[in-house]
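Contents: one structure, followed by commentary.
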Amino acid sequence: MRQPAELGGATMRVAVRANARVGEGPVWDATANRLHWVDILAGQIHTSDLDSGATTTVTVPTLVGAAAPRTTGGFVAAVTEGFAEVDDSLVVRRHILGEGIRMNDAKCDRRGRFWAGSTAMDFAPGKGALHLLDAGWSTHVVLDGLTQPNGLDWSLDGRTFYLVDSAEQEISAFDVVDDGLTRRRLVHQFSHDDVPDGLCVDAAGCLWIALWGGGRLIRMTADGEVLSTLPVPVVQPSSCAFAGPDLDLLCVTSARAGLADPTLDGSVLIVSNLGTTGLPTVPFKG
């Protein structure tokens, strides 16, 4: 097995200087030419211009694990209670989670459906689940018995689904079948203090994973072989997504919660010259 190399040719800058407690869920909106991202603990959905850093914010009275733009305008959001629509205000459309449970990371698939992981507030083992919200706002549980479902994405052909469980320090893959998943297998088991968080897939079919507390991202093959590492100037990188008109900019969110002396943590970083690009995102069709 080859040794992972550092991405020496990459360049990095701060796109949005912010103080997010837990910045998360970056998603590129090609129609608006903006990046949407959230601050989970602050209940905020941000929309940022990556050139100027100018940001508009919608604040709602709940935790927001992730949000995605809707074809009809506004956002669909994975919130404490379940699934909500957000424009200038919050309307919880599907109140499906019990006390002590909240939604975490979420993302739209290529059919415009919204997949979201839920987790216990105290990350109790086995209390997490993966939920699917379709365009008609009907929802069902795809997987249960999880602990802290986090980053998620699909292979180039959409037939394989990848899911991080941060508490279990693992990435799993599944076959996609109709409205569910089957044939779960382990892609990568992390060790020591490496905690995988957000995840995205690039145009080569490789996975990019933010390592919470590790100050870096890694790129690995679909089989789990680590190809390269990308050090970043934050302690708690939380998630990543490709952005920009050419999808050649990797946006990295971060978090300042729990840090005694955060510097850039809580900001959004942009990494360019990576030699790869991302995949187009699809808005929620509900």
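Exactly one residue out of 91, 79 is within 23 Å of residue 179 (Cβ to Cβ) and of a type outside the set (Asp, Glu), and it is 79. Out of all the residues in the range 87-102, is one or more within 15 Å of the chain's Cα centre (by Cα) and in contact (Cβ under 8 Å) with a residue 24 or more places away in the chain? Checked the range 87-102: no residue is within 15 Å of the chain's Cα centre (by Cα) and in contact (Cβ under 8 Å) with a residue 24 or more places away in the chain.
Residue check: residue 115 meets all listed conditions (1) in a strand (DSSP E or B); (2) free of Cβ contacts under 8 Å to residues at least 12 places away in the same chain but one, namely (2).
The number of residues in the range 83-116 that are among the β-branched types (Val, Ile, Thr) and within 16 Å of residue 38 (Cα to Cα) comes to 1. Among the conditions (1) in a loop (DSSP other than H, G, I, E, B); (2) within 26 Å of residue 270 (Cα to Cα), the only one that residue 61 does not satisfy is (2). Please identify the pairs in which a residue from the range 47-71 that is touching a residue at least 60 places away in the same chain (Cβ under 8 Å) has its Cβ atom under 8 Å from the Cβ atom of a residue that is of a type in the set (Phe, Trp, Tyr), counting only partners at least 6 apart or on another chain. Pairs that qualify, where the first residue is touching a residue at least 60 places away in the same chain (Cβ under 8 Å) and the partner is of a type in the set (Phe, Trp, Tyr), are 48/37; 68/75; 68/114; 68/284; 69/75; 69/284; 70/284; 71/284.
For the range 134-168, the set of residues classified as in a strand (DSSP E or B), under 26 Å from residue 205 (Cβ atoms) and either aromatic (Phe, Trp, Tyr) or in contact with a Gly (Cβ under 8 Å, 6 or more places away or on another chain) (or both) consists of 142, 146, 149, 150, 151, 152, 154, 161, 162, 163, 164, 165, listed by residue number.
Among the candidates 127, 107, the residue that is over 19 Å from the mean Cα position of the chain (by Cα) and of a type in the set (Lys, Arg) is uniquely 127. Put simply, of 92, 58 the only residue that is modelled with pLDDT of 95 or more, in contact with a strand residue (DSSP E or B) (Cβ under 6 Å, 6 or more places away or on another chain) and either surrounded by fewer than 23 Cβ atoms within 10 Å (Cβ to Cβ) or more than 28 Å from residue 272 (Cα to Cα) (or both) is 58. Exactly one residue out of 269, 199, 230 is in a strand (DSSP E or B), within 19 Å of the chain's Cα centre (by Cα) and either under 22 Å from residue 110 (Cα atoms) or of a type in the set (Asp, Glu) (or both), and it is 199.
The values are calculated or read from the model by the stated rules, or taken from the named source; none is laboratory data. These figures come from a predicted structure and were not determined experimentally. Note: ideal-geometry Cβ built from the backbone for every residue, glycine included; neighbour counts use all protein chains shown.
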